[in-house]
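The values are calculated or read from the model by the stated rules, or taken from the named source; none is laboratory data. Everything numeric in this text was worked out from a predicted model, so none of it was measured. All Cβ positions, even for glycine, are placed from backbone atoms using ideal geometry, and neighbour counts span all protein chains on display.
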Amino acid sequence: MFQTGALNLITDIAGLRVGNAADHGVKTGVTVLLGDAPFTCGVHVMGGAPGTRETDLLAADKTVEQVDALVLSGGSAFGLDAASGVADALRAQGRGFAVGDQNVPIVPGAILFDLLNGGDKSWAENPYKRLGAAALSAAAVQFDLGTAGAGTGATTAQLKGGLGSASVTLPSGHGVGALVAVNALGSAIVGDGPHFWAAPFELNGEFGGRGVASQYPDPHFPVTKLAQHANTTIGIVATDAMLTQAQCTRLATAAHDGFARALVPSHTPMDGDLIFAAATGAKPLENTVVDTLTLGHAAATCMARAIARAVFHATPASGDTLPCWSAL
């Protein structure tokens, strides 16, 4: 039987920390996943409108297999600058891929579109490099969910989105965690709510304990925010298992099932849905076939739970264009 980690956060994976930074006037923010040491990483993109930095180097045939940090950011293309702030700060700490006498921090990132959420976007200077550095500085084992970090200005079809996380400990002893900024074109709730699509996977009442809905809407006509074109859910799954870059990519691919279980619809042409997978390598696999299958399934269920927790924990703020789940 699956059980949550001690914190029910991605930082239940030893050696990982998460930092958030936000600008509540702009209604946006940045979230950074930092490893105490470089970690193996893969990525899989399922959405039709992604925005990314340094994802090509995560392919299994590329030379650099480990990264120093991962960045999730609001701001659409402007938000890609958040990773530059993180890379600058890591370089100042002496972190990075060593090339001669130079260190080059490897910091892949992904962005979501939160430019139409009621915040003041009339900045004179792109704020995301500053926010990236601030998020890195705040990296810790404990961190906020809901209206925080990259989820600060996130929205879904009917409700505010947010930042979510969840974890699980497997019978094999391996841990799996998920971190996600939910800014979906689709909905995390069934009909008008308050039940979550992810309800079958909930553990310990972590997003209200309301169980599954008794009635379901016509699945052929889902509720969306298509008119705004303001979407994309981006996330990270992590494990302490010893995985190759190719196995991390497979883990990220499996974790996308969590998007489909928790968001309806998901992976649309107007979403840039993306998941990174990180492996610290602390615990070897005992049975490669069984363990990788179980890790993938756990990553998907963790991701579904993290998505529901993101929406569940969202809090209201001045200028919001959508209500929070708590308003239901």
note = Counting only residues that are farther than 13 Å from Leu70 by Cα, β-branched (Val, Ile, Thr) and surrounded by fewer than 24 Cβ atoms within 10 Å (Cβ to Cβ), the range 12-40 contains a total of 1
task = Identify the residue in the range 162-211 that is over 12 Å from Ala304 (Cβ atoms), part of a strand (DSSP E or B) and small (Gly, Ala, Ser) and, among all such residues, is modelled with the lowest pLDDT.
result = Ser187
ask   = If Ala306 satisfies every condition in (1) part of a helix (DSSP H, G or I); (2) more than 16 Å from Ile13 (Cα to Cα) but one, which is the exception?
value = (2)
task = Inspect all residues belonging to the range 296-316 and state whether any of them is in contact with a His (Cβ under 7 Å, 6 or more places away or on another chain) and either surrounded by fewer than 24 Cβ atoms within 10 Å (Cβ to Cβ) or over 27 Å from Leu116 (Cβ atoms) (or both).
result = no
request  = Would you confirm whether any residue within the range 7-22 is at pLDDT 95 or above and over 23 Å from Thr233 (Cβ atoms)?
outcome  = yes
inquiry  = Residues that are surrounded by fewer than 24 Cβ atoms within 10 Å (Cβ to Cβ) and free of Cβ contacts under 8 Å to residues at least 12 places away in the same chain: does the range 266-285 have at least one?
reply    = no
inquiry  = Given (1) touching a residue at least 60 places away in the same chain (Cβ under 8 Å); (2) within 30 Å of Leu115 (Cβ to Cβ), identify the lone condition not met by Leu243.
reply    = (2)
request  = Answer with yes or no whether Ile275 is assigned to a strand (DSSP E or B) and under 30 Å from His24 (Cα atoms).
outcome  = yes
